[in-house]
Amino acid sequence: MKKCILGLVFVILSLLPAGVVQATAGPGQAYVLVIDKLAISDIDRTTTPVLEKLVKDGAVGLASNRTLGRSTTDDGSLTIGAGNLARSPVRGIMGYNRDEMVPERGKPAGQLYRSLTGIDPVGYQCLLVNLPEVMDALLEQNVTTRPGALGEVLHRHNLKVCVLGNGDTIMEKSRSAVAIAMDASGRIPLGDVGPATCQSSTRGFLDLETDYAYLRSQVARYRTRADVLFIQLSDLYRLEKAEMALPEVQLAERHRILHNIDQLVGSIREQVDPSRDILMVISPSPAAEQIKNKNTFTPVILYGPGYQESLLTSGATRRDYIVANTDIAPTILNFFGLKDEDGTMIGQPMLAKPAGTHDKLAQVNSISQASSTTNRLRPPLVKGYVVLQIAVIILALLAILLPRRPFKGVAPLVLALAVVPLVLLPLGKLRMPYDWNYVLVAILGTMLLTLVLVRFFRRNYFRAFVALCLLTLVTLNLDVLTGTTMIQNSVLGYDAMAGARYYGLGNEYMGVLLGCTLIVAAALYQRFSQPWMLGLLAILFISQCYLIAAPGLGASSDGVITAPIAFLLSLALLADVRINHRVLLLVGLLVVLGISGVALYDMTRPLEHQSHIGRAANQVLVGGWQEGFTIMARKVGMNVKLIRYTVWSRVFLVILASLAILVYRPAGAMARIKDEYPCLMKGFAGIIIAAVVGLVINDSGIVAAATTSIYIVIPALILVLEQVARHHPERPLFKP
């Protein structure tokens, strides 16, 4: 009976198509085409029909190119190979064939490698000669990055890696793919990155170009011996290094290069079994023209099992069509059923989602263009807003302090400072042909909303301000609950291209949310000073903490600490609870319990669904306290850097100086405000607490502190202006 069953199974299997039988045998090979300086706009049906067909038949996404350095080929390649942020040393990536002579040292690469590392390179064909220099460059960065983490995991599981090609020019050697393919010791078992992979250019104006015929022969040679093949195609990189040509000549050469690359992609695709093998197209760094236009996304294309007619996303980004360059290594490992056992990779495997009937190429181009527009608008609009804040605050102080008080129209300008964050929130959702259109709409929108508020509240600027805070708070809440689509596209949001954050609330609007919540709460309790109102305010504070901290919503790891501390102490102040060491201890205990609860919940979710909070907790759990200290050191380093360079530092200092002045001048004004609005002054104290805690805790603390502080200086100026108008009716600043 058993023999009959086995015979029947054998007959059924023999009748199945070959691809079906092979699919059950496990993964096949991974082909990774490293096409440096490739832009998504380069892919079209005319110039690159094979790549265009891969986008249609496979999965496509846009990768951020964040590194510890710049968006260069070497930094990007080292980051991709590590699955974590990295930067290359000054001399870059020195990759060689083992028997190749290192020109500046006059000895074979294998001999130099052995003398520098103490490791015998026998059995490996390609080497990163300056591995010690690469590792030393990362020591000062307070990161857990391990160069060659991808290759190391593949090596441990006896998977053979091959690397082919280079980006050499007459003036320099460029073997960046070595940094992607190598193991932790800087070794690659198979391949050729030497001079044989390129040749003198005969048709274009490059000095050297890829020898595509040679690469085809080498792919055919190694495909039976290697599990993963990395193929470096760097003629677009060489084009940027070449002498400047006329624009039309430059464009024609780019098209010729893209056509050559596309033909090689086509020949490799023919060797790929889409039921077993995977073909991946990546680009370590954006083209110079793209950087100039602030469009630094690079395309990622996947073709193979599980990646048919879909779009790419990942647990790291949670954004359709957007992934991180650190996701590439985990994706390759995931194809072979492997994971990063050491836990040094911060990326997540890319996931395929059905794309429906959408034109995927049109979609990614639209996302890329929209993101680049936001990036181009960010400097003029944000810097303009900061300059406006500084100018208006100084004008308001002069109007208060000068005896003749010449600035009668300053009050609407002060109110307008709080209007700007609300106007900039939905601005990125608009689609306009020119960048200046957005600037014009922002200015007109701010003026119009300010005018409406002034007229509606009959020049009662304080009531207009509180109403504006409530409107801003409601709008932010709705946006967070519906996926933060407005924040993601706002110039006060975050930059997905830069790779610092992809989802959630962001530092700028977290500060706005904290400031608006505390002002609205203080104003409500000022109007209704009853115990039941404290209960409602507690519910409000809890809801805002949830929006800020929830892994599926705001997901702000620093806001998890800042928000509850500020809200709990503000609630205590409003309830006339004396702040002593017992209260502070209780607040600290509640905050720790809250953070622990959020972290434990996030850690129990699947890895691809975890937010920054859960992943950070997992890193500390695996790496111990040392990992926790590393994270804190990195946050402190980032905060110090931002304090030195960001424009928000300037406005924060001006706000602090103006508040210090208002405490003493005009004499008695703040005391009268405290007597008239005691609850509001407690709200001011809560905002100060939020700003200070945010400054200390957050890795972008100066940004959060500055945007939070806006909501104390604006009402303070408005109320002092009102006091001045009452005491000097002969020269009113505005109608009280």
Study note, to complete from the structure: Residues whose modelled amide H sits under 5 Å from the amide H of Arg98, counting only those 5 or more places away in sequence or on another chain, are Cys126, Leu127
Point to revise | In sequence order, calculated HN-Hα J values of segment 377-394 (Karplus, 6.51, -1.76, 1.60; Hz; x Gly/Pro) | key: 7, 4, x, x, 6, 5, 5, x, 5, 5, 4, 4, 4, 4, 5, 5, 4, 5
**Study point:** Rule-of-thumb Rg ratio for segment 91-132 [Cα; 2.2 N^0.38 Å; N residues]
**Key:** 0.99
Point to revise | Gained length - Phe528 relative to Arg45, 0.36 nm times residue gap less alpha-carbon distance | key: 167.3 nm
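Which residues make up the longest stretch of the chain clear of GluC sites (Glu not before Pro) that lie in a DSSP loop with no more than 15 other Cβ atoms within 10 Å, not counting the sites?
With GluC sites (Glu not before Pro) excluded where exposed in loops, the chain gives 342-729 as its longest stretch.
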Exercise for review: Rank these for me by crowding, Leu154, Leu448, going from fewest to most other beta carbons within 10 Å.
Suggested key: Leu448, Leu154
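Return the FRET efficiency for the residue pair Thr482, Val387: r is the Cβ-Cβ distance, R0 is 56 Å, and the value is rounded to the nearest 0.05. Write down the numbers at each step before the final one.
Working: r = 32 Å, r/R0 = 0.58.
Computed FRET efficiency for Thr482 and Val387: 0.95.
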Check your understanding: Does anyone have the angle between helix 559-574 and the longest principal axis of the chain? Alpha-carbon axes, 0 to 90°, nearest 10?
Key -> 10
Study note, to complete from the structure: So the angle from the long Cα axis of helix 461-481 to the longest Cα principal axis of the chain, reported in degrees to the nearest 10, equals 30
Review point. Helix 410-427 versus the longest principal axis of the chain: what angle, 0 to 90°, nearest 10, using Cα atoms?
Key: 30
Revision key, fill the gap. In nm, the gap between the two label points placed 7 Å beyond Cα toward Cβ at Tyr546 and Arg216 is 6.2
Revision key, fill the gap. Note: probe point = Cα of Leu448 + 7 Å toward Cβ; backbone nitrogen < 19 Å; residues of segment 413-432 passing the test are 413, 416-432
Check your understanding: Under the Karplus relation 6.51 cos²θ - 1.76 cosθ + 1.60, θ = phi - 60°, what is the ordered set of whole-Hz ³J(HN,Hα) values for segment 154-164, x standing for Gly and Pro?
Key -> 4, 5, 4, 9, 6, 9, 7, 10, 10, 10, 9
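Relative to the Cα centre, what is the charge dipole magnitude of segment 26-367, using +1 at the beta carbon of each Lys and Arg, -1 at the beta carbon of each Asp and Glu, and rounding to the nearest 20 debye? Could you put the intermediate results ahead of the total?
Working: 36 positive and 40 negative charges, 68 e Å.
The calculated dipole for segment 26-367 is roughly 320 debye.
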**Study point:** Zero-based 5 Å bins, Cα pair distances in segment 95-188, whole percents
**Key:** 3, 14, 23, 25, 21, 10, 4, 0
Study note, to complete from the structure: With label points set 7 Å from each Cα along the Cα-to-Cβ direction at Ala196 and Ala362, the distance between them in nm comes to 4.8
Check your understanding: So for the chain, taking the charge dipole from beta-carbon charges (+1 Lys/Arg, -1 Asp/Glu), which of Thr482, Leu206, Thr517 sits furthest toward the positive end?
Key -> Thr517
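Using a Förster distance of 56 Å, how high is the FRET efficiency between Asp675 and Arg376, based on the Cβ-Cβ distance and rounded to 0.05?
Working: r = 49 Å, r/R0 = 0.88.
Result of the calculation: an efficiency of 0.70.
Can you check how the C-alpha radius of gyration of segment 160-238 compares to 2.2 N^0.38 Å, as a plain ratio? Write out the running numbers ahead of the final one.
Numbers: Rg = 12.6 Å, N = 79, 2.2 N^0.38 = 11.6 Å.
Taking the Cα Rg and dividing by 2.2 N^0.38 Å, one obtains 1.09.
If the convex hull of the alpha-carbon atoms of the chain is projected onto planes in all directions, what is the mean projected area in square nanometres?
Values: hull surface 158.0 nm².
So the Cα hull casts an average projection of 39.5 nm².
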Exercise for review: Counting other beta carbons within 10 Å of each Cβ, put Leu398, Leu312 in order, fewest first.
Suggested key: Leu398, Leu312
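Per the Kirkwood treatment, what hydrodynamic radius in Å, one decimal, follows for segment 234-314 from the mean inverse distance over all distinct Cα pairs?
Details: mean 1/r = 0.0673 Å⁻¹.
Mean inverse Cα-Cα distance, inverted, gives 14.9 Å.
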Study note, to complete from the structure: Residue by residue through segment 104-110, the couplings from Karplus 6.51 cos²θ - 1.76 cosθ + 1.60 with θ = phi - 60°, in Hz, x for Gly and Pro, are 6, 10, x, 8, x, 4, x
Exercise for review: With no solvent and one equal point scatterer per Cα, compute the Debye intensity ratio I(q)/I(0) for segment 26-367 at 0.06, 0.09 Å⁻¹ and report its log10, rounded to two decimals.
Suggested key: -0.18, -0.42
Revision key, fill the gap. Taking placed amide H atoms and a strict 5 Å upper bound, the residues 5 or more places from Arg87 or on another chain that come that close are Leu68
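What does the charge count near Asn293 come to, summing +1 for each Lys or Arg and -1 for each Asp or Glu among other residues with Cβ under 13 Å from its Cβ? Show your work: numbers first, answer last.
Details: positive: Lys292, Lys294, Arg376; negative: Glu289, Asp435.
The answer is +1.
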Exercise for review: Pop the C-beta distance of Val122 and Gln271 into the FRET formula with R0 = 41 Å and round what comes out to the nearest 0.05.
Suggested key: 0.85
Exercise for review: Return Cys545, Cys516 ranked ascending by Cβ neighbour count within 10 Å, so the fewest neighbours appear first.
Suggested key: Cys545, Cys516
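The numbers here are math on the coordinates, done by the rules we state, and not lab data. Computed from a predicted model, the values in this text were never measured in an experiment. Positions of Cβ are generated from backbone atoms using ideal geometry, with glycine treated the same way; all protein chains shown enter the neighbour counts.
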